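To keep things clear, I will list the structure first and then write my remarks on it.
The values are calculated or read from the model by the stated rules, or taken from the named source; none is laboratory data. Owing to the predicted nature of the structure, the values given are computational and were not obtained by experimental measurement. Heads up, the Cβs are rebuilt from the backbone with ideal geometry, glycines too, and the neighbour counts pull from every protein chain shown.
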Amino acid sequence: MNPAHPGWHAIALETAWAGIGESTARLQPREQIQAMKPPLTTSFLAPAPSQTPQAGPEQPPTSTWREVAPIVSALVITLEAIETGPKAGPAMRAHRSAMRRQGEAAAALGGHEAMEAVLHQVGDVDPARAERRLALIREAWTGLSG
């Protein structure tokens, strides 16, 4: 192909279109196109409960470590920031507020049991610093409903 030719753009497009080999008039029907798509392999729907829950005293569900892991992660990051940063002033107030929000999230997740699970996991992250970290968290969580 000669780029000096005045119509080389049109020639290149015609050549490329000929390589495709189909025109828009010969497209397959919608049903055939849908049938060619691969099926979804991941379902995000929760399975239906096998039994209906019986009415009884309201108890918060037991929280798993997977459910509290994001809360634990956020608390550990905040605690590390406290350990390396200023211990007073606006930064400390912001850190305490962030820890309190995580406590509220844990309380909403599973009440007292979820909050205890979070504290246990935070203590397991670094046993050497666990006592000081748990004291900071308990101070921030003072007065929460869980």
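So here's what we get for this one:
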quantity: Subset of segment 126-146 [more than 17 Å from Glu113 (Cβ to Cβ) and in a loop (DSSP other than H, G, I, E, B)]; calculated: Asp126, Pro127, Ala128, Arg129, Thr142, Gly143
quantity: Subset of segment 78-118 that is among the basic types (Lys, Arg) and in a helix (DSSP H, G or I) - its residue that is surrounded by the fewest Cβ atoms within 10 Å (Cβ to Cβ); calculated: Arg93
quantity: Segment 79-93 residues that are more than 21 Å from Asp126 (Cα to Cα), paired with ones that are surrounded by 11 or more Cβ atoms within 10 Å (Cβ to Cβ) (beta carbon under 6 Å, 6 or more apart); calculated: Ala91/Gly85
quantity: Answer from Ala128, Ala140 - the residue that is modelled with pLDDT of 90 or more, more than 23 Å from the chain's Cα centre (by Cα), crowded, with 16+ Cβ neighbours inside 10 Å and at negative phi; calculated: Ala140
